[in-house]
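Note sheet for the following structure.
The values are calculated or read from the model by the stated rules, or taken from the named source; none is laboratory data. Remember, predicted model here, so these are calculated numbers, not experimental data. Cβ placement follows ideal geometry from the backbone for every residue including glycine, while neighbour counts extend to all protein chains displayed. Accessible surface is based on the protein model in full, side chains and every heavy atom, while ligands, DNA and RNA are left aside. Shrake-Rupley method; radii C 1.70, N 1.55, O 1.52, S 1.80 Å.
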Amino acid sequence: QVQLVESGGGLVQPGGSLRLSCAASGFIFNIYTMDWYRQAPGKQRELVAGITRAGSTNYADSVKGRFTISRDNAKNTVYLQMNTLKPDDTATYYCHVAYRYSEVWGQGTLVTVSS
């Protein structure tokens with residue numbers, strides 16, 4: 001069974017940092033592109049960052065220079081390092097993989113940026 005489990009969310013002050021983790025299981029992790037999405041209250045889910053099996057990355061313009069996506073294939077885990085957080089980054093963050101013909105999502109982890 002393909003499963004994604006996020007962790008690392010929480011409450012942080014503006015300008016602070018958090019690192020999200022997504023532990024994957026049930027599939028050959030190192031051959032799939034992994035993504036982080038987020039969804040703020042009342043807004044559509046949006047792509048934040050992605051990383052291919054070769055390690056190439058892409059980012060939403062709103063997070064470029066502040067967020068870094070990485071992966072550890074030995075641990076079947078993808079990370080999202082978030083620095084210089086802003087209140088607009090407040091959202092539930094989801095790990096995602098397009099596995100064969102299915103979209104697989106984690107349960108999400110809430111990030112709240114507030115003073």
**Message:** To make sure I understand the rule: partners must be aspartates and glutamates, Cα under 19 Å from the Cα of residue 64, and not fewer than 8 residues away in the same chain. Which ones qualify?
**Reply:** 35, 46, 88, 89
**Complete:** Listed by chain and number, the residues whose amide H is under 5 Å from that of residue 108, excluding neighbours fewer than 5 places away on the same chain and using placed H, are 6, 95
**Assigned charges on the beta-carbon of Lys, Arg, Asp, Glu; the chain dipole about Cα centre (debye)** = 120
**Request:** Any chance you could get the radius of gyration and Dmax over the Cα atoms of region 11-115, in Å?
**Result:** 13.4, 42
**Message:** Just the number please: accessible area per residue for region 1-50, 1.4 Å probe, all protein chains included, in Å².
**Reply:** 53
**Request:** Please name which of 84, 54, 18 has its Cα lying farthest along the dipole of the chain towards the positive end, using unit charges on Cβ (Lys, Arg +1; Asp, Glu -1) and the Cα centre as origin.
**Result:** 54
**Prompt:** Which percent of the accessible area of the chain is formed by carbon and sulfur heavy atoms (probe 1.4 angstrom)?
**Reply:** 46
